[in-house]
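The structure appears below as structure tokens.
Read-outs: derived from the displayed coordinates by stated rules, not from any lab. Treat the numbers as computed from the prediction; the structure is a model and nothing was measured. Positions of Cβ are generated from backbone atoms using ideal geometry, with glycine treated the same way; all protein chains shown enter the neighbour counts.
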Amino acid sequence: MRVGTGYDSHRFEETRQLVLGGVPIPDHPGLAGHSDGDAVAHALIDALLGAAAAGNVGSHFPPSDEAWKDADSMELLARAVHILESRNYEVVNVDVTVVCETPKIAPHVESMRRRLGEVLRIGAGAVSVKGKTNEGMGWIGGGQGIAVHAVALVDAIGGSDATWGATDEGLPL
């Protein structure tokens with residue numbers, strides 16, 4: 001078993017729709033970003049790829065590449081799962097903390113858990129999503145944007161980590 005952590009943050013952008021964990025959040029400014037700005041998905045991608053020592057969101061989906069412009073981050077997350085599987089890993093569970101003053105996260109938690117569980121192929125029962133405020137401190141507390149922390153546990157398919165270690169040299173990031 002291996003653990004990875006991820007972090008992402010984005011400023012609010014009035015002209016975009018807010019999407020978190022693959023769920024559209026109505027009546028709130030969206031997030032700036034090269035893709036759709038889904039900070040939950042981006043933090044999870046970093047956590048998953050980190051657990052498998054497979055790079056990060058920027059190494060696989062660079063903002064300099066127009067192919068990822070306005071991309072659906074759930075598709076990027078699905079691609080990250082495929083990268084894990086190509087390295088003989090599967091997701092066990094994930095834990096996500098969304099830090100923002102607005103919007104309120106609690107009304108959207110179950111929808112996010114279901115959507116993320118579907119994309120990660122683990123079911124909602126293995127997905128934790130929670131919201132926290134920044135108690136009015138800093139740029140998040142000032143309502144300028146959102147930050148997300150994520151943790152992922154992955155395990156070798158079949159439960160054996162024996163194929164990892166020195167033998168993973170040369171595998172693509």
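The distance linking region 129-149 with region 43-84 is 23 Å (Cα centroid to Cα centroid, whole angstrom).
Between the amide H of Asn134 and those of Cys100, Glu101, distances stay under 5 Å, these residues lying 5 or more places away or on another chain, with hydrogens modeled in the peptide plane. Around the amide H of Leu20, modelled in the peptide plane, lie the amide H atoms of Ile25, all under 5 Å away and 5 or more residues distant in sequence or on another chain. Ordering Arg87, Arg79 from the fewest to the most neighbouring beta carbons within 10 Å gives Arg79, Arg87.
Under a GNM of the chain (C-alpha, springs under 10 Å), which listed residue has the highest mean-square fluctuation: Met137, Met74, Met112? The residue with the greatest mean-square fluctuation here is Met137. Distant-in-sequence amide contacts of Lys104, defined by a placed amide H-H separation under 5 Å and a gap of 5 or more residues or a different chain, comprise nothing.
Connecting C-alpha atoms closer than 10 Å in a GNM of the chain, tell me which of Thr102, Thr133, Thr15 has the biggest fluctuation. Maximum fluctuation in the GNM of the chain, among the listed residues, is at Thr15.
Remark: region 128-137, residue by residue, has Karplus-estimated 3J(HN,Hα) of 10, 9, 9, x, 9, 9, 9, 6, x, 8 Hz, where x stands for each Gly or Pro and the curve is 6.51 cos²θ - 1.76 cosθ + 1.60 at θ = phi - 60°.
Applying the Karplus relation 6.51 cos²θ - 1.76 cosθ + 1.60 with θ = phi - 60° to region 97-105 yields 3J(HN,Hα) values of 10, 9, 10, 6, 7, 9, x, 5, 7 Hz, where x marks Gly and Pro. Computed 3J(HN,Hα) for region 12-28, one whole-Hz value per residue from the Karplus formula 6.51 cos²θ - 1.76 cosθ + 1.60 where θ = phi - 60°, is 6, 9, 4, 8, 10, 7, 7, 10, 10, x, x, 10, x, 10, x, 6, 8, glycine and proline marked x. Only the Cβ atoms of Lys and Arg (+1) and of Asp and Glu (-1) were treated as charged; on that basis the dipole of region 2-162 about its Cα centre amounts to roughly 320 debye. Result for the chain in a Gaussian network model with C-alpha springs under 10 Å: among Glu118, Glu135, Glu110, the largest mean-square fluctuation is at Glu135.
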